[in-house]
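J.: Here you go, one structure.
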Amino acid sequence: MTNVAFPTAIGRAPIGLALFEPDIPQNAGTIIRMAACFGCPVSIIEPAGFPVSDRAFRRAGMDYLDQAEILRHVDFPAFDAWRRGFGARLVLATTRGAVSHPEARFRPGDILLFGRESAGAPDTVHAAADLRVRIPIRPELRSLNVAVSAAILLSEALRQLNAFPVEPT
C-alpha cells in the first residue's frame, strides 16, 4: 500500500467510507462494523435521520464501535471541503453511475460515498463526485441495501489495491 492520501487515528487507511445523511442506524452500524474490520474510517455527513450516537449503532455495530474511526461532518459542504483539503478522490456509489464497479479503477485514499437509503444522493453530490460507480444488478430491480453496496465496493477496492489487512501467520 503506497501513496495513501490520508492518515487516520488507527493508522494509514487505504480507503475511506462516507455516508450521506443516513436514514437507518442499523445500516450505518453494519457499515461501521465492516469498516472497523478493514481499518477504514467512516465519515457521517449530517443531518442523519436518527440521533448519531453509540446507542443508535450499538445493535448492528456491536463491540466493534470502539475499534472504528467515525468522523462527523455537519453537512455535505463541510465534508467536501475536508476531503478536498487533502486531495481525496470522491467515488459515489449510485444507480446512475457511468462506470460499473468491476470496470472502476480505485486508488489509495479514495473515499467511497453512499447516499441515503430513502433518496440516494442529490444532484449537487453527484456533481461533486470525481467518479460515479454503479453495481450491476437486474434492470427490473431498483437497488441494493446500502450496507451490501458498501461491502461490495469496499471489497473490490481493497482487492484492487491489495490492501486487505494482513492476517497473522
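The values are calculated or read from the model by the stated rules, or taken from the named source; none is laboratory data. Model, not experiment: these values are computed from the prediction. Virtual Cβ from ideal backbone geometry, glycine too; neighbours counted across all protein chains shown. We work out accessible area using only protein heavy atoms, side chains counted, and drop any ligands, DNA or RNA first. Shrake-Rupley method; radii C 1.70, N 1.55, O 1.52, S 1.80 Å.
J.: Report yes if residue 167 is without any contact (Cβ under 8 Å) to a residue 60 or more places away in the chain and open to solvent by less than 40 Å² (accessible area, probe 1.4 Å), otherwise no. Reasoning before the result, please.
T.: Details: without any contact (Cβ under 8 Å) to a residue 60 or more places away in the chain: yes; open to solvent by less than 40 Å² (accessible area, probe 1.4 Å): no.
In short, no.
J.: Would you mind stating whether residue 119 is over 16 Å from the mean Cα position of the chain (by Cα), modelled with pLDDT of 95 or more and open to solvent by 70 Å² or more (accessible area, probe 1.4 Å)? Give the derivation first.
T.: Values: over 16 Å from the mean Cα position of the chain (by Cα): yes; modelled with pLDDT of 95 or more: no; open to solvent by 70 Å² or more (accessible area, probe 1.4 Å): yes.
For residue 119, the condition - over 16 Å from the mean Cα position of the chain (by Cα), modelled with pLDDT of 95 or more and open to solvent by 70 Å² or more (accessible area, probe 1.4 Å) - is not met.
J.: When you scan region 111-133, do you find a residue that is in contact with an Asp or Glu (Cβ under 9 Å, 6 or more places away or on another chain) and part of a helix (DSSP H, G or I), even just one?
T.: Yes: one or more hits.
The rows are residues; the columns are (1) closer than 23 Å to residue 52 by Cα; (2) open to solvent by 30 Å² or more (accessible area, probe 1.4 Å); (3) charged (D, E, K, R); (4) without any contact (Cβ under 8 Å) to a residue 12 or more places away in the chain.
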residue	(1), (2), (3), (4)
65	yes, no, no, no
70	yes, yes, no, no
100	no, no, no, no
115	yes, no, no, no
137	no, yes, no, yes
145	yes, yes, no, no
163	no, no, no, no
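J.: Now for a separate question. Please tell me if residue 169 is among the β-branched types (Val, Ile, Thr) and closer than 13 Å to residue 20 by Cβ.
T.: No, not satisfied.
J.: Still on this structure: Got a sec? Which of 72, 138, 159 is assigned to a loop (DSSP other than H, G, I, E, B) and of a type in the set (Lys, Arg)? Quick ask: steps written out before the conclusion?
T.: On the way: 72 fails: assigned to a loop (DSSP other than H, G, I, E, B); 159 fails: assigned to a loop (DSSP other than H, G, I, E, B).
After ruling out the rest, the residue left standing is 138.
J.: Which residues, taken from region 81-96, are farther than 17 Å from residue 17 by Cα and surrounded by 12 or more Cβ atoms within 10 Å (Cβ to Cβ)? Even if it seems obvious, please write down each step before you answer.
T.: At the first step, the residues of region 81-96 found to be farther than 17 Å from residue 17 by Cα are 95-96.
Within region 81-96, 95 is the sole residue that qualifies.
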